[in-house]
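Notes follow once the structure below has been shown.
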Protein chains: 4
Amino acid sequence: MVLNRFWAAIQEILTSIEKGFSSMEIGQVERFIEKLLESRDNMKKVVVVGAGRAGLVGKAFAMRLMHLGFNSYVVGETITPALKNGDLLIAVSGSGSTKIVVETAKAAKNVGAQVIAITSYPDSQLAQVADLVVRVPGRTKVSSKEDYFTRQILGLHEPLLPLGTQFETNCMIFFDAVIVELMGRLGITERELMERHANIE
Amino acid sequence: MVLNRFWAAIQEILTSIEKGFSSMEIGQVERFIEKLLESRDNMKKVVVVGAGRAGLVGKAFAMRLMHLGFNSYVVGETITPALKNGDLLIAVSGSGSTKIVVETAKAAKNVGAQVIAITSYPDSQLAQVADLVVRVPGRTKVSSKEDYFTRQILGLHEPLLPLGTQFETNCMIFFDAVIVELMGRLGITERELMERHANIE
Amino acid sequence: MVLNRFWAAIQEILTSIEKGFSSMEIGQVERFIEKLLESRDNMKKVVVVGAGRAGLVGKAFAMRLMHLGFNSYVVGETITPALKNGDLLIAVSGSGSTKIVVETAKAAKNVGAQVIAITSYPDSQLAQVADLVVRVPGRTKVSSKEDYFTRQILGLHEPLLPLGTQFETNCMIFFDAVIVELMGRLGITERELMERHANIE
Amino acid sequence: MVLNRFWAAIQEILTSIEKGFSSMEIGQVERFIEKLLESRDNMKKVVVVGAGRAGLVGKAFAMRLMHLGFNSYVVGETITPALKNGDLLIAVSGSGSTKIVVETAKAAKNVGAQVIAITSYPDSQLAQVADLVVRVPGRTKVSSKEDYFTRQILGLHEPLLPLGTQFETNCMIFFDAVIVELMGRLGITERELMERHANIE
C-alpha cells in the first residue's frame with residue numbers, strides 16, 4: 001500500500017530492461033563496439049552529444065570511455081575540439097528528433113565524421129543521417145504535444161514512467177554493458193580505470 | 001560467446017537492481033518523499049550535489065523535480081542561488097566520502113539547510129553530517145587505492161561492473177521511482193511535465 | 001622587449017573597449033534595460049544562450065541577473081524550464097550566425113518569447129530573428145574559412161587578438177555595466193547581491 | 001544623465017584595467033608563460049579550476065589553450081582525467097579563499113602537480129599552497145559578511161562594480177594577453193586556432 005507507485009515503478013523499469021534488451025539487435029551492438037575500438041586504435045576522437053537527460057547519460061558514457069583511455073569528448077563542454085574526418089559522433093536521442101542532436105549530427109557528417117545514432121526510432125531523422133543505428137528500446141518522449149493529446153483523446157493508457165525515462169535507463173545500462181565488453185576485449189582492469197579517474201574533486 | 005561480457009553485465013545489473021531494492025529501508029524512502037513534499041509546499045529550494053557519474057544521476061533527478069514544479073538546483077551551475085535556512089541539500093555519493101560532496105554538505109548545515117545523504121554507506125562521513133540517510137545499495141567505488149590493492153592481494157574476485165556502476169544505476173532508478181511516487185501524490189500528469197520540459201533545444 | 005606581445009594585447013584590448021563603447025547606440029542599451037526590468041516586474045524568465053566563449057560571457061551575466069533577483073536561466077543547464085509566451089531570450093553571438101544560437105532564437109520566437117540579439121552584426125541571421133538588436137562592437141570571429149583565406153590572400157593584416165576575443169571582452173564589460181545600471185534603477189545594494197550569491201562552494 | 005551609471009561603470013572598468021595592469025609584476029607573468037610552455041612541450045595536462053564567474057573566466061582560458069594545442073581541462077567537466085605528477089593546476093580565485101578552489105589546489109599538490117594561483121591576494125590560503133602566484137589586481141569579493149558589515153559601519157564607500165567584477169574582467173583580459181604572447185612564442189597563427197575551434201555547434 002505504502003509507496004505503491006514507487007514499487008510499481010521499480011517493477012516497470014525492470015520489465016522494461018528485460019524486454020528491451022531481449023529485443024536488441026546483436027549485430028548493431030557488435031558493430032558499435034568495433035567502431036569504438038577502431039577509434040581508439042587510430043587515436044580518433046569519440047564525441048558524444050545529447051540533450052536533457054539523454055545528454056546526461058551520454059556524459060556518463062563519455063566519462064567511462066575516458067577511463068578506458070579513449071579520446072572522448074562531450075559537445076558543448078569547454079575543451080571539446082573540432083571534429084575531423086574519421087572521428088566518431090555518438091548522438092543520443094530517444095525520439096531521434098531532438099533538433100540540436102539532429103543538427104549536430106548533420107554538421108558532423110559535413111566534416112567527414114562518422115555518426116552513430118543511439119535511439120529508439122530507426123526511422124527517425126537522426127537515424128537517417130547516421131552511419132550506424134543502435135536501437136535502444138524505450139517508449140521515448142512523445143514527439144509532439146499533438147501526438148500526446150491524440151493519445152489522450154483515444155483513451156490510451158498513461159504510462160507510469162514519464163517521458164523518456166525508459167529510454168534513459170535502458171541507455172545507461174546499455175552503455176555500461178558496452179564498457180564491460182570493451183574492458184574485456186582491451187584487457188583493461190578496474191585498477192587502470194581508477195588510475196585515470198578524476199582525483200582532485 | 002559473442003558479446004558474452006556485454007550480456008553478463010546486463011544480467012549483473014539486473015541482479016544488482018533486484019537485490020538492491022529488496023534490501024532498501026522503506027522508512028527512509030518515505031521520509032525522503034515527505035521532506036521533498038514539504039520543500040515544495042513551502043517553496044523551499046531543493047539543491048543537488050554530486051561528483052562524476054553520481055553527479056550526473058543527481059542532475060537527471062533535479063531536472064525531473066523541476067518538471068514537477070519543484071524549486072530545484074544543481075550545485076556548480078550558473079544560476080544556483082545561496083542556500084538558506086530550511087532549504088534541502090540532496091548529496092549523492094556512493095562511498096559517502098567524496099570530498100567535495102562532504103564539504104558542501106557541511107557548508108549547507110552551517111547555513112541552516114537540511115542535508116539528505118544518498119549513499120551506500122550509512123556510516124560514511126557524509127551520512128554523519130546528514131539529517132536523513134537513504135541507503136541506495138551498490139558496491140560503490142573502492143574508497144582508496146590501498147583498499148583496492150589489499151583486495152587484489154587477497155585474491156578477491158574482480159567485479160564485472162567497474163567502480164561505482166552499481167550505485168549509479170540503482171540511484172538513477174531509485175530517483176525515477178521517487179518521481180513516479182511524487183507524481184501520484186501530487187496528482188501531476190505527464191502532460192504537466194511536458195509543459196515544463198525544455199522546449200527550445 | 002620582454003612580453004611585448006602581452007603588453008601590445010592589453011593595449012589593443014583597451015583601445016577596442018574605448019572605441020567600441022564610444023560607438024554604441026544608447027537607444028539600444030536603454031531598450032535592453034527596459035525589457036529586462038519589465039521581465040523582472042512581471043516575473044518572466046530571462047534565458048541566456050550562447051556557444052563557446054560568448055556562451056561563457058552570457059553565463060556570467062545570467063549569474064549576476066540571479067544575484068539581482070531576476071528569474072534567469074541558461075540554455076542547456078539542468079533545470080532550465082520551458083520558455084513561454086512573454087519570456088525573454090538573450091542570444092549572444094558575435095557573428096550572429098552561430099547555428100545553435102540562431103536555431104534557439106527561432107525556437108524561442110515560435111513559443112512566443114521575445115528575442116534580444118547581442119551581436120556585432122546587425123544584419124546577421126540572428127539579428128533578423130530578434131525583437132531587439134544590441135550591437136556590441138568586436139571584430140568577431142571570421143564567419144567562414146573561405147572568408148579567412150580570402151583575407152589572407154589579399155594580404156590583409158592578421159589581427160593581434162584572435163577570433164572573437166574583442167567581442168567577448170566588450171560583451172563581458174557591456175553586461176557588467178548593464179548590471180550596474182540595473183542596480184541603480186532597482187536600488188539594489190551589493191549586500192543584497194551577496195545574500196543571493198552561491199554560498200556552499 | 002541617461003544611463004549615467006552604465007557609462008560610469010564602463011569608465012571605472014577601464015580605469016581598473018589600466019591601473020591594474022600597470023601594477024602587475026612582470027616576472028610573475030614571465031614565469032607563468034614559461035610553465036605553460038613547459039607543460040605543452042612535455043605533453044603535460046593543464047587543468048583549470050575556479051568557482052562562479054572566476055570559474056567561467058578560467059574556462060574561457062582553457063578553451064583558448066586547447067585552440068593552441070595544449071592538453072587543457074576544466075575541473076568538474078565530464079572527461080577531465082586524473083591529475084598526475086608534473087601536471088599543472090591553474091587555480092583562479094580573486095580572494096584566494098574560495099573553499100572549493102583551495103581544497104582542489106591542496107589535492108593537486110598531494111598528487112605531485114604544480115599549482116599556479118591566479119588571485120588578487122598574494123597572502124591568501126590559495127597563494128600559500130601555490131608554486132607560483134600571479135597577482136591579478138581587483139577588489140575581489142569581500143571575503144566575509146563580517147568584513148562587509150564592518151565596512152558599512154565605517155561608512156566606507158560602496159564601490160560601483162559589485163563583488164568580484166574587477167578581478168573577473170582583469171583576469172579575462174590577462175588570460176587573453178597571455179594567449180597572444182603564447183601565439184607569438186609558438187608561432188601559431190589564427191588559422192591554426194580556427195582549425196581546432198569547435199565546428200559542429
Requested in this report: Kindly list the number of the only condition in (1) farther than 25 Å from A:Thr169 by Cβ; (2) modelled with pLDDT of 95 or more that fails for B:Lys99.
Outcome: (2)
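Can you tell me which residue in the stretch A:29-50 is nearest to the other protein chains (Cβ to nearest Cβ), limited to those that are free of Cβ contacts under 8 Å to residues at least 40 places away in the same chain and part of a helix (DSSP H, G or I)?
First pass over the stretch A:29-50, keeping only residues free of Cβ contacts under 8 Å to residues at least 40 places away in the same chain: A:30, A:34, A:38, A:41, A:43.
So of that shortlist, the ones also part of a helix (DSSP H, G or I) come out as A:30, A:34, A:38, A:41.
Details: A:Glu30: 6, A:Glu34: 11, A:Glu38: 17, A:Asp41: 19 Å.
By that ranking, first place goes to A:Glu30.
Per-residue answers, yes or no, for (1) aliphatic (A, V, I, L, M); (2) buried (at least 24 other Cβ atoms within 10 Å of the Cβ); (3) under 25 Å from C:Ile200 (Cβ atoms):
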site: D:Glu77; (1), (2), (3): no, no, yes
site: D:Leu89; (1), (2), (3): yes, yes, yes
site: D:Gly94; (1), (2), (3): no, yes, yes
site: D:Val101; (1), (2), (3): yes, yes, yes
site: D:Ala108; (1), (2), (3): yes, yes, yes
site: D:Ser124; (1), (2), (3): no, no, yes
site: D:Val136; (1), (2), (3): yes, yes, no
Report summary line: How many residues of the stretch B:39-55 are of a type in the set (A, V, I, L, M), open to solvent by 10 Å² or more (accessible area, probe 1.4 Å) and touching an Asp or Glu at 6+ places or on another chain (Cβ under 8 Å)? The answer is 2
Query - Residues being buried (at least 21 other Cβ atoms within 10 Å of the Cβ) and free of Cβ contacts under 8 Å to residues at least 60 places away in the same chain - total across the stretch A:175-189 - result: 2
Query raised in the report: What is the residue count in the stretch C:48-63 for residues that are over 17 Å from B:Gly76 (Cβ atoms) and among the charged types (D, E, K, R)?
Result: 1
Requested in this report: Scan the stretch C:69-76 and give yes if some residue there is within 8 Å of chain B (Cβ to nearest Cβ), in contact with a His (Cβ under 9 Å, 6 or more places away or on another chain), hydrophobic (A, V, I, L, M, F, W, C) and within 18 Å of A:Ile100 (Cα to Cα), otherwise no.
Outcome: no
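From the list B:Ser23, B:Ser39, which residue is of a type in the set (Ser, Thr, Tyr) and at pLDDT 95 or above? Full working, then the answer.
Details: B:Ser23 fails: at pLDDT 95 or above.
Only one candidate passes the filter, namely B:Ser39.
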Query raised in the report: So, of the residues in the stretch B:1-38 that are out of contact with any helix residue (DSSP H, G or I) (no Cβ under 9 Å at 6 or more places or on another chain) and among the polar types (S, T, N, Q), which turns out to be least open to solvent (accessible area, probe 1.4 Å)?
Result: B:Gln28
Report summary line: The helices (runs of 4 or more DSSP H) lying entirely within the stretch D:118-201 that contain at least 2 residues which are at pLDDT below 90 and at the interface with chain C (Cβ under 10 Å from one of its Cβ atoms) are D:145-153
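Could you go through the stretch B:51-65 and let me know if any residue there is assigned to a strand (DSSP E or B), of a type in the set (Lys, Arg) and within 12 Å of chain C (Cβ to nearest Cβ).
So the first thing to find is which residues in the stretch B:51-65 are assigned to a strand (DSSP E or B), and the list is none.
So far as the stretch B:51-65 goes, no, none of its residues is assigned to a strand (DSSP E or B), of a type in the set (Lys, Arg) and within 12 Å of chain C (Cβ to nearest Cβ).
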**Report entry** Residue list for the stretch B:57-75, restricted to those being open to solvent by 10 Å² or more (accessible area, probe 1.4 Å), hydrophobic (A, V, I, L, M, F, W, C) and touching a residue at least 40 places away in the same chain (Cβ under 8 Å)
**Finding:** B:Met66
Query raised in the report: Going through the stretch C:77-108 one residue at a time, which ones are away from chain B (no Cβ under 12 Å) and free of Cβ contacts under 8 Å to residues at least 12 places away in the same chain?
Result: C:Lys99
Query raised in the report: What about C:Thr80, is it closer than 26 Å to B:Leu83 by Cα, of a type in the set (Ser, Thr, Tyr) and more than 17 Å from the chain's Cα centre (by Cα)?
Result: yes
**Report entry** Enumeration of residues in the stretch D:1-21 that are more than 7 Å from chain C (Cβ to nearest Cβ) and either farther than 30 Å from C:Met183 by Cα or in contact with a Pro (Cβ under 9 Å, 6 or more places away or on another chain) (or both)
**Finding:** D:Glu12, D:Ser16, D:Lys19, D:Gly20
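The values are calculated or read from the model by the stated rules, or taken from the named source; none is laboratory data. Since the model is a prediction, treat every value here as computed from it, not as a measurement. Every residue, glycine as well, gets a Cβ built from its backbone with ideal geometry; the counts of neighbours run over all protein chains shown. The accessibility values were calculated without ligands, DNA or RNA, using every heavy atom of the protein model including side chains. Shrake-Rupley method; radii C 1.70, N 1.55, O 1.52, S 1.80 Å.
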